Structure formats: structure tokens, C-alpha cells
Amino acid sequence: MFNFKPKEDKFYKMFEESAQNVTEAAVTLRQSLNSLSNKEVEVAKIEELEHKGDRLVGVVVKELNEAFITPIDREDIYSLVKKMDDVLDLINSTMHRFLMFDINESTEEAKQLADMIVECTKHILKLMVGINSVNNKADYIKDKIIIINQIESEADRLFRKTVAELFKNEKNVLEVIKWKEIYQILEDTIDKCEKIANTVEGVVIKNA
């Protein structure tokens, strides 16, 4: 399906490094929700991972500009790394909201959505590892994509249910505004994870 050369491996190593970075950020976010007493420390951790993601995008752009041949379309290489960086940006935005809004305790629904983000990013990491040796592994790739799509659908249902209950039961308008925004960013993060999976699916189809 793919014909790899040693000099082309650098792009796949970058995919894997980027996915590992995203997964670490997702895990950090989720762990922080167990106790928000050290929000500043957690924000700093995720910001550093986000900066690392930005640097990786810069390296990929540089390598693309210098590469004569790429193993897959240049647009797909850039799209995958950029979308992973977008997930990092959203995770960073979420963590900053807890600091900005001075929230000291997470809701269970936010934890559930964060759990889904962690699960999605772990499957994305497996996709990035698998895509480098995808010969005869189309089913492996397909299974991961299906799982991510299922998580996104579940997250969408949880988001709608949670926001509906928030508007119905929460009397403090400021709390409604704060949590609606946080839930939205968490759900957007999972949507972006699904877009990564769909991009991988497109790469596999084009190179079948």
C-alpha cells in the first residue's frame, strides 16, 4: 500500500512524536480535574506541551519545504500535524478556563468528556504508529477510526444532555456561562480528534 524509504521515516516519526505530545496533554488535563488546587502548575505543564506542538509544526513545514519526495501528499502531512496541534490548543484553552474562571472543582461531566479525550488521543497515537507500517493493516487502521467515531458520537450525546441539564438546573447565570463554555471546548476537542481520524482514513484510501 505504501512504499517507504528510510529517508522518509522522519515524517512518520514526527507524526508519532506529535501524537505522544497530544496524549500527554490530554492525560495532564484529565488528572488536573481530580484536584484543581494547583491550576497554575497544570496550566504551565500544558502550555509547555502546546509550545512543543507549535515547534513540531514548524519543523514539519521546514522539512516539507526541503523534501523533494514525500511518502504521502504534502497536504496530508501538514493537515495531520496541524490538526494534532489544534487538539493541543483546545486542551490548553480548556485548562486556562479553569484558571480564568477561578473554578476549584470539576464536574463529573467534565471529567467524563476529558476521559473521552484521553481515549481518543491514545487511539490517535496508535493510528500514527500504525500508519508507518500500514501494509496489510487496513483493518487495524479502520478499527481505530471506528472507535474514535464512536467516542465522538457518545461525547456529542453527553454534551447535549449535560448542557440541557445545566440550563434547566443551574440558577446562577455566571455558572451557566462558565460551564457551557468549558463543555463546548471539551466537545470541540473530541470533534477535532475525529477529524484527525477522518484524515487518516482519507490517506489510506488514496494510497490503497
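Coordinate-derived values only; no laboratory data. This is a predicted model, so every value here is computed, not measured. Every residue, glycine as well, gets a Cβ built from its backbone with ideal geometry; the counts of neighbours run over all protein chains shown.
Observations on the model:
- Sequence-separation-based contact order of the chain, relative, with Cα cut under 8 Å and 6+ spacing, percent: 32 percent
- With the convex hull drawn over the C-alpha atoms of the range 6-206, the volume per residue is 105 Å³.
- Computed from the C-beta positions of Asn149 and Lys111 and an R0 of 35 Å, the FRET efficiency is 0.95 to the nearest 0.05.
- Neighbour-limited loop hits for trypsin sites (Lys or Arg not before Pro), the range 126-208 (at most 11 other Cβ within 10 Å; DSSP other than H, G, I, E, B): Lys171
- The stretch between Asp191 and Arg157 holds 11.0 nm of extra length on full extension. This uses 0.36 nm per residue minus the Cα-Cα distance.
- Computing FRET efficiency as 1/(1 + (r/R0)^6) for Lys10 and Glu170, where r is the C-beta to C-beta distance and R0 is 41 Å, gives about 0.25.
- Angle between the chain longest axis and helix 74-100 axis [Cα atoms, degrees, rounded to 10]: 20 degrees
- Between helix 173-206 and the chain: long-axis angle, C-alpha atoms, 0 to 90°, nearest 10: 10 degrees
- Considering every alpha-carbon pair of the range 119-177, the percent of pairs per 5 Å bin, from zero through the bin containing the longest distance, is 4, 17, 18, 14, 11, 9, 9, 8, 6, 4, 2, 0.
- Folded to 0 to 90 degrees: helix 138-169 orientation relative to the chain principal axis, Cα: 20 degrees
- Computed FRET value (nearest 0.05) for Asn104 with Asn207, which takes r as the C-beta separation and R₀ as 41 Å: 0.25
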